[in-house]
1. Would you confirm whether or not the stretch 61-69 contains a residue that is in contact with a Pro (Cβ under 7 Å, 6 or more places away or on another chain) and of a type in the set (D, E, K, R)?
2. Would you confirm, using the coordinates I've provided, whether residue 9 is crowded, with 23+ Cβ neighbours inside 10 Å and either within 20 Å of the chain's Cα centre (by Cα) or at pLDDT 95 or above (or both)?
3. Of everything in the stretch 173-201 that's open to solvent by 30 Å² or more (accessible area, probe 1.4 Å) and touching a Phe, Trp or Tyr at 6+ places or on another chain (Cβ under 6 Å), which residue is nearest to residue 238 (Cα to Cα)?
4. Only one of (1) β-branched (Val, Ile, Thr); (2) assigned to a helix (DSSP H, G or I); (3) within 20 Å of the chain's Cα centre (by Cα); (4) surrounded by 16 or more Cβ atoms within 10 Å (Cβ to Cβ) is not met by residue 112, so which one is it?
5. Does residue 99 satisfy being within 20 Å of residue 263 (Cβ to Cβ), among the hydroxyl-bearing types (Ser, Thr, Tyr) and more than 18 Å from the chain's Cα centre (by Cα)?
6. Do you know which of the residues in the stretch 53-90 that are open to solvent by less than 10 Å² (accessible area, probe 1.4 Å) and either outside any helix (DSSP H, G or I) or acidic (Asp, Glu) (or both) is nearest to residue 190 (Cα to Cα)?
7. Criterion first (in a helix (DSSP H, G or I) and closer than 26 Å to residue 203 by Cβ) does residue 44 satisfy it?
8. Identify, from the list 217, 256, the residue that is over 23 Å from residue 182 (Cβ atoms), surrounded by 18 or more Cβ atoms within 10 Å (Cβ to Cβ), of a type in the set (Val, Ile, Thr) and modelled with pLDDT of 85 or more.
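The values are calculated or read from the model by the stated rules, or taken from the named source; none is laboratory data. Worth saying up front: this structure is predicted, and the values here are computed from it rather than measured. Cβ placement follows ideal geometry from the backbone for every residue including glycine, while neighbour counts extend to all protein chains displayed. Calculation scope for accessible area: heavy atoms of the full protein, side chains included, ligands and nucleic acids excluded. Shrake-Rupley method; radii C 1.70, N 1.55, O 1.52, S 1.80 Å.
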Amino acid sequence: MPSSRFSARGWVLFAIMAVVWGMPYLFIREAVETFSPAAVVAIRTGGAAILLLPFALRQRALRPALRKWPWVLAFAAIEMAGPFVLLAHAEQTISSGLTGLLVATVPLFATVIAVVRGDRTALRPMRTTGLALGFAGVAVVALGSAEGASADLVAMGEVLLVAVLYAIAPFIVARKLHDVPSLGTITLALAVVGLGYTPIALLTSHEAPTANSVVSIVLLTVVCTAVAFIAFFALIAEVGPVRAPLFTYVNPVVAIALGVLILAEPLSPALLVGFPIVIVGCLLAAGGLPTRDKTDPAVPILSEPDPIAPARQKRHR
């Protein structure tokens, strides 16, 4: 069982996710300049599925995923089909930086879900304080943004709905798909979403894509989807479904920095104030700095189970 602290491996995966899922908002913003939201989703998911398919076949990971196809479809809908199109539609109106900030509310919703499910470890003082600080840091940046007050309310609501969906998805992985190879779940889910959105994409894309849009959608597909989902499942296995979404507190920093440097989006002074609050909040919510041995008896153990451990034990027998 994971301890109250992140392991070194957990922090490495956390850092990877903080970066690779801080970049999609830039790429989506560029892609929707000439691709429709449905086309962005179809290319992103279908392309990632094609990239991962040979590896999934080699590891014989698809058959176990097909046995759990209802839960794989539920994961695909909640983690990909809904959020991806909502984000693409919202970024036709609001900036990539503000989008990243709103998605950073995921850990707050994840904690609420955990508490409703009866997990009282999510309410331990250090983690509760960290969550509050992280959310406060995001709020400081959002409220200090000159754009925030005039941003389209519908688009902001879409992104907040994405945050709720992102908070639910790790629980499906941890509770219902823990005995399915992650590569099989990811590949099958991406393929289903890609196939589902392809007809809509063909009907809604009528503009010749620019070079920037093409490069952005390629990077979105390879780095922010195929690679990112593999790292995401590994992070859930390492730290559990409640703390896995904590990297979304750091995503806005990456999203805003890229927006400022590449898209010339305005840099709010509030970012300089909110950034350290976000980082401190992440550290506290994660249980402190990483330890060398997460089974160290000196470190208190939480009741949050490692969702992948049973599957690993079966494979080693």
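1. no
2. Details: crowded, with 23+ Cβ neighbours inside 10 Å: no; either within 20 Å of the chain's Cα centre (by Cα) or at pLDDT 95 or above (or both): yes.
For residue 9, the condition - crowded, with 23+ Cβ neighbours inside 10 Å and either within 20 Å of the chain's Cα centre (by Cα) or at pLDDT 95 or above (or both) - is not met.
3. Step one: of the stretch 173-201, the residues open to solvent by 30 Å² or more (accessible area, probe 1.4 Å) are 175-176, 178-179, 181-182, 188, 191-192, 195-200.
With touching a Phe, Trp or Tyr at 6+ places or on another chain (Cβ under 6 Å) added as a condition, the list becomes 176, 182.
Working: 176: 17, 182: 13 Å.
Going through the qualifying residues, I end up with 182.
4. Of (1) β-branched (Val, Ile, Thr); (2) assigned to a helix (DSSP H, G or I); (3) within 20 Å of the chain's Cα centre (by Cα); (4) surrounded by 16 or more Cβ atoms within 10 Å (Cβ to Cβ), only one is false for residue 112: (4).
5. Values: within 20 Å of residue 263 (Cβ to Cβ): yes; among the hydroxyl-bearing types (Ser, Thr, Tyr): yes; more than 18 Å from the chain's Cα centre (by Cα): no.
So residue 99 does not fit the description; no.
6. Going residue by residue through the stretch 53-90, those that are open to solvent by less than 10 Å² (accessible area, probe 1.4 Å) are 56, 61, 65, 72, 75-76, 79-80, 83-84, 87-88, 90.
Subsequent filtering for residues that are either outside any helix (DSSP H, G or I) or acidic (Asp, Glu) (or both) retains 61, 79.
Working: 61: 14, 79: 10 Å.
That would be 79.
7. Details: in a helix (DSSP H, G or I): yes; closer than 26 Å to residue 203 by Cβ: yes.
Criteria met by residue 44.
8. Values: 256 fails: modelled with pLDDT of 85 or more.
Going through 217, 256 in turn, the sole match is 217.
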